Each structure stands twice: as structure tokens, then as C-alpha cells.
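Worksheet: the structure to be examined is printed underneath.
The values are calculated or read from the model by the stated rules, or taken from the named source; none is laboratory data. All values reported here derive from a predicted model rather than from experimental measurement. We place every Cβ from the backbone using ideal geometry, glycine too, and count neighbours over all the protein chains shown. Areas reflect the complete protein model, heavy atoms only, side chains present, ligands, DNA and RNA absent. Shrake-Rupley method; radii C 1.70, N 1.55, O 1.52, S 1.80 Å.
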Amino acid sequence: MPMMGRRALLGSAGLGVLAAPAIVRAQATAPAAAQETTQIEIDRAMPPETHRFEFGEFEVFVVKDGARPSGAPNETFGTNQTAEAVGQLLQENFLPADQFVNSFSPTLVNTGSDVVLFDTGLGQAGRAQGGGRLVEGLAAGGYTPEDVTVVVLTHMHGDHIGGLMEDGKPAFPNARYVAGQVEYDFWTDEARVGTPAENGHKGVLANVKPLAEKMTFVGDGADVVPGITGMAAFGHSPGHMIYNIESAGKRLVLTADTANHFVLSLQRPEWEVRFDMDKAAAAETRKKVFDMVATDRIAFLGYHMPFPAVGFVEKQETGYRFVPKSYQFDL
Ligand SMILES: [Zn+2]
């Protein structure tokens, strides 16, 4: 089908998810809509990307909740560098100098006795921006929201807590929750009012606080379920936590937002990142965590890494080279 036809066709379908090919064909006879179709609408005609792999005795299931293109990479990554330096590093890595894509990968770990979901994506508020597709993705893997027994929040930025509530009700009705104590205390504190963290504070009051009764607050070294242990990795946010996952001799670290771009944050871990709330602490944590991942030659899963968000790192003179997962877990 020529591109213009496809665009017009999806434009008439609006933002709704196309349920079946039959609907797509029906739309083909409708008059072309005047409205311009966005990439988001085109993407929504496809099921969200998902990826499943065996991990020891566990199953890991990664969902692409969405992706957001942005301009001006150096306004987010390398904010203390020139646009030229940031653009040059991107180009050396076969990426455009003036644009980047950020994606969101909530991840489910099925241990056999628990179904543990790490972070919840953009949720309802993110649907117009191409996000909020977590539940749709889980369904593609045969999971319902009711199946989730534990929701772990790595930290409380909007792209991680957005999917906790749906229409004001818990999106995962049977789950208990695990969250960092330091993180929860920071965001719920009234002292955030009138600061740059005020919006985040409001988001946590709306999406996290109503669930506090079912929440266990943890710190460094806390066990979530057997095989899953929390590690403090503060800096990106005040109480940012990462998780060590081990099963049958295999090991994976879920690094959450320790590094947020597979080139800019990993190859230049000291470059400042707009979303790192304590930039010096975040850079220190980045180096510590990825030194460990490189030295131990273990896999990591990073929420904003290119889908399916799993890979390895090789230590280089300045930073780390990202090596995406291939068939390591299929043998
Ligand atoms: Zn994030």
C-alpha cells in the first residue's frame, strides 16, 4: 500500500487501536480524512513490541510501553558539553546528531511463584504521546493485570509510575508494591511544593500514595522475592533503586535509569543528564554500577535502552560500549 494511502487510512481511524485487519480494510473505503496522521497513530495500528526470554528458572518478559522522539540531544544528555561534541559522538555511533528517541520498557519477571512487574510506563496520561501500552503488551504475552502479584517501583518519575492507576483505580488490582523508602519520603514531602519537584510530588500523591497501605518500603540489600534483591543506586533520583536478579546461576541487573542513553550515558558516563536530579551522584553511581556489570560480565536491563533493553557492556578508555543481547539466553 502506498504511504499516502496508509496515512490517510489511519487518519480516519483516529487514535483508537485498530483491533483487527478487517477494520483496517473497512477503513480503506472511507473518504480520506483531512487530519494529518502522526507516527504515533501509525505505530498504534501494530501491537506493542514485546520480548520474552528464559532466565534460569525465571521468565523475563519486556514490553515496549512507548517511545518518544525528541530534538536537541544535548539539551538532555551532555548538558555540560557543546551541541557539536554531543552530535559528533552520536554520528560516530551511526545516529543522527540532532535527534534521539527515548523508549520505555517496563519488565515482568515470572519466578514461578510470583509475577513481578518492574515499573509501569507512562500510563493513561502518556497515551497521546505514544506510550501507555504496557497492559496491551502484557496481554500479548498472555498476562492480565490481575496476574501481577508484585509491582516494584525503581523510582518515582512519571514515566515509571504513570501506569499504576487507570481511571483512578489500581491498574494491577491483586498486586502488593515495593518501593524505595528514601524515594517515597522525598516525593511525598510537602517541602517539594514550590520547587522544581512540585509536579513530581503531585504525580506521586495521585498515583503512588493511594497504594501506600499495600506497599513495602525498602533500602539497599532488601529481598523482594527469592532471587530478586534491591540495591541503592541514588543520584538519578534521591532514592533510585536497582535490582539484582538471579536464577539457576544466571545473573541480570535491572539498572532502571542509572544510564538513559546507550551511547551518550554509557560511553560518557560523566556527562551531565538533565533528568539526573543530583548530577554528580548520578555519574558516580553510573560508573560504579557499570564497572560491576562490565567486570562481572553480566547482563543488564535498562529501562531506556534500545528495545528489548537488555545487553552487556565492555569497559573502554572512557566509559562503556553497549553490546545488545542476542541469543545468550536461548541456549
Ligand atoms: Zn525513566
### Query
Taking the range 227-246 as the search range and keeping residues that are among the polar types (S, T, N, Q) and open to solvent by 10 Å² or more (accessible area, probe 1.4 Å), which one is farthest from the ligand (Cβ to nearest atom)?
Thr229
### Task
Give the residues of the range 42-57 that are closer than 24 Å to Ala128 by Cα and open to solvent by 80 Å² or more (accessible area, probe 1.4 Å), sorted by residue number.
Met46, Pro47, Glu49
### Message
Whether any residue in the range 268-277 is buried (at least 23 other Cβ atoms within 10 Å of the Cβ), at pLDDT 95 or above and touching a Ser or Thr at 6+ places or on another chain (Cβ under 7 Å) is what I want to check.
### Response
yes
#### Entry: Every residue from the range 212-223 that is out of contact with any helix residue (DSSP H, G or I) (no Cβ under 8 Å at 6 or more places or on another chain) and either open to solvent by less than 70 Å² (accessible area, probe 1.4 Å) or assigned to a strand (DSSP E or B) (or both)
Thr216, Gly221, Ala222, Asp223
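Can you tell me which residue is farthest from Asp114 (Cα to Cα) among those in the range 158-178 that are within 14 Å of the ligand (Cβ to nearest atom) and assigned to a loop (DSSP other than H, G, I, E, B)?
Here the answer is Gly162.
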### Task
Please go through the range 73-123 and pick out each residue that is under 28 Å from Val204 (Cβ atoms), open to solvent by 40 Å² or more (accessible area, probe 1.4 Å) and in a loop (DSSP other than H, G, I, E, B).
Thr79
### Residue among Gly132, Gly200, Gly163 that is among the small types (Gly, Ala, Ser) and in contact with a Lys or Arg (Cβ under 9 Å, 6 or more places away or on another chain)
Gly200
### Query
Mind checking which residues of the range 133-162 are under 11 Å from Thr120 (Cβ atoms), touching a residue at least 40 places away in the same chain (Cβ under 8 Å) and open to solvent by 10 Å² or more (accessible area, probe 1.4 Å)?
Gly158, Asp159, Gly162
### Task
Would you tally the residues in the range 278-326 being surrounded by fewer than 17 Cβ atoms within 10 Å (Cβ to Cβ) and among the β-branched types (Val, Ile, Thr)?
3
